[in-house]
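**Student:** Have a look at this one.
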Amino acid sequence: MTVKETNLKECYIIEPKIFNDQRGYFFESFNLNKFNELTNSNIAFVQDNESCSSKGVLRGLHYQEDEFAQAKLVRVIKGSVLDVVVDIRENSPTFGEHFSIELSAENKTQLFIPRGFAHGFLVLEDQTIFSYKCDNYYNKAAERGIIFNDITLKIDWQFNISELILSEKDKELPTFETLFK
């Protein structure tokens with residue numbers, strides 16, 4: 001696997017080594033020892049989640065607060081997404097900055113998102129299956145979020161905003177400025 005740091009400190013793009021032949025392909029999607037060595041971390045994932053969504057669904061920008069914060073390793077099993085992360089670590093040199101990348105079943109690229117980041121994704125194809133590992137258990141009381149179209153963050157979702165499909169909860173999320181004055 002190849003690991004590249006994004007413009008956001010400790011947030012990594014992970015590209016697996018893929019072996020193709022006449023039967024199809026094979027790749028190691030995760031190896032804890034290699035992962036920790038290449039990212040210089042000590043992660044122990046405890047929960048796997050998966051969602052299936054239609055084109056135009058936007059999930060996010062979500063995060064868990066305080067001791068319930070979660071690091072995530074995300075990937076797409078079927079279809080494609082525009083994946084977006086925002087550094088919300090107030091002491092970070094990249095605080096308030098974001099990074100986006102297209103993840104797809106075709107490119108098999110993964111993104112490691114450390115604790116202290118808000119995360120969201122826009123589904124680019126129908127029946128997209130999105131998978132992620134978390135290093136901390138989900139806690140509903142600690143769930144927080146930032147509105148996807150926050151004017152301070154200036155995220156280009158590369159999609160017609162009027163065609164987005166959002167949950168009622170995600171439509172009502174606060175702005176970045178409201179949360180981090």
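Per-residue answers, yes or no, for (1) part of a strand (DSSP E or B); (2) surrounded by fewer than 16 Cβ atoms within 10 Å (Cβ to Cβ):
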{"site": "Ile13", "(1), (2)": "yes, no"}
{"site": "Phe19", "(1), (2)": "yes, yes"}
{"site": "Asn36", "(1), (2)": "no, yes"}
{"site": "Phe45", "(1), (2)": "no, no"}
{"site": "Cys52", "(1), (2)": "yes, yes"}
{"site": "His62", "(1), (2)": "yes, no"}
{"site": "Leu73", "(1), (2)": "yes, no"}
{"site": "Leu82", "(1), (2)": "yes, no"}
{"site": "Glu90", "(1), (2)": "no, yes"}
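**Student:** Looking only at the stretch 122-154, which residues are touching a Lys or Arg at 6+ places or on another chain (Cβ under 7 Å) and either closer than 27 Å to Glu67 by Cα or among the polar types (S, T, N, Q) (or both)?
**Tutor:** So in the stretch 122-154, the residues touching a Lys or Arg at 6+ places or on another chain (Cβ under 7 Å) come out as 123-129, 131-134.
Residues satisfying the conditions are Gln127, Thr128, Ser131, Tyr132, Lys133, Cys134.
**Student:** Next up: Given the residues Asn139, Asn160, Asn107, which is the only one that is surrounded by fewer than 19 Cβ atoms within 10 Å (Cβ to Cβ), farther than 23 Å from Ala44 by Cβ, modelled with pLDDT of 95 or more and not aliphatic (A, V, I, L, M)?
**Tutor:** Asn107
Rundown of residues vs (1) of a type in the set (Phe, Trp, Tyr); (2) within 17 Å of the chain's Cα centre (by Cα); (3) over 18 Å from Glu10 (Cβ atoms), yes/no style:
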position: Ser80; (1), (2), (3): no, yes, yes
position: Asp87; (1), (2), (3): no, yes, no
position: Ile147; (1), (2), (3): no, yes, yes
position: Ile155; (1), (2), (3): no, yes, yes
position: Ser162; (1), (2), (3): no, no, yes
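**Student:** Still on this structure: Based on what the data block shows, is Val86 touching a residue at least 40 places away in the same chain (Cβ under 8 Å), in a strand (DSSP E or B) and out of contact with any Asp or Glu (no Cβ under 8 Å at 6 or more places or on another chain)? Before you say what the answer is, go through the steps one by one.
**Tutor:** On the way: touching a residue at least 40 places away in the same chain (Cβ under 8 Å): yes; in a strand (DSSP E or B): yes; out of contact with any Asp or Glu (no Cβ under 8 Å at 6 or more places or on another chain): no.
No.
**Student:** Another question, if that's okay. Tell me yes or no: at least one residue of the stretch 89-104 is more than 23 Å from Glu5 (Cβ to Cβ) and either touching a strand residue (DSSP E or B) at 6+ places or on another chain (Cβ under 8 Å) or of a type in the set (Ser, Thr, Tyr) (or both).
**Tutor:** Looking for residues that are more than 23 Å from Glu5 (Cβ to Cβ) and either touching a strand residue (DSSP E or B) at 6+ places or on another chain (Cβ under 8 Å) or of a type in the set (Ser, Thr, Tyr) (or both), one finds none in the stretch 89-104, hence no.
**Student:** Could you please tell me which pairs satisfy a Cβ distance under 6 Å, a separation of 6+ or placement on different chains, a first residue in the stretch 57-71 that is within 28 Å of Leu124 (Cα to Cα), and a second residue that is at pLDDT below 95 and assigned to a helix (DSSP H, G or I)?
**Tutor:** Final answer for the pair search is none.
**Student:** Okay, moving on. Tell me, yes or no, whether the stretch 127-134 has at least one residue that is touching a helix residue (DSSP H, G or I) at 6+ places or on another chain (Cβ under 7 Å), touching a residue at least 40 places away in the same chain (Cβ under 8 Å) and surrounded by fewer than 20 Cβ atoms within 10 Å (Cβ to Cβ).
**Tutor:** Within the stretch 127-134, none of the residues are touching a helix residue (DSSP H, G or I) at 6+ places or on another chain (Cβ under 7 Å), touching a residue at least 40 places away in the same chain (Cβ under 8 Å) and surrounded by fewer than 20 Cβ atoms within 10 Å (Cβ to Cβ).
**Student:** Taking into account only those residues within the stretch 170-181 that are more than 11 Å from Leu61 (Cα to Cα) and of a type outside the set (A, V, I, L, M, F, W, C), which is surrounded by the fewest Cβ atoms within 10 Å (Cβ to Cβ)?
**Tutor:** Lys181
**Student:** Would you call Asn136 assigned to a loop (DSSP other than H, G, I, E, B) and out of contact with any Phe, Trp or Tyr (no Cβ under 7 Å at 6 or more places or on another chain)?
**Tutor:** Judged against the criteria, Asn136 is not a match.
The values are calculated or read from the model by the stated rules, or taken from the named source; none is laboratory data. Nothing here was measured: the structure is a model prediction, and the numbers come from that model. Glycine also receives a Cβ, built like all others from the backbone with ideal geometry; neighbour counts cover every protein chain displayed.
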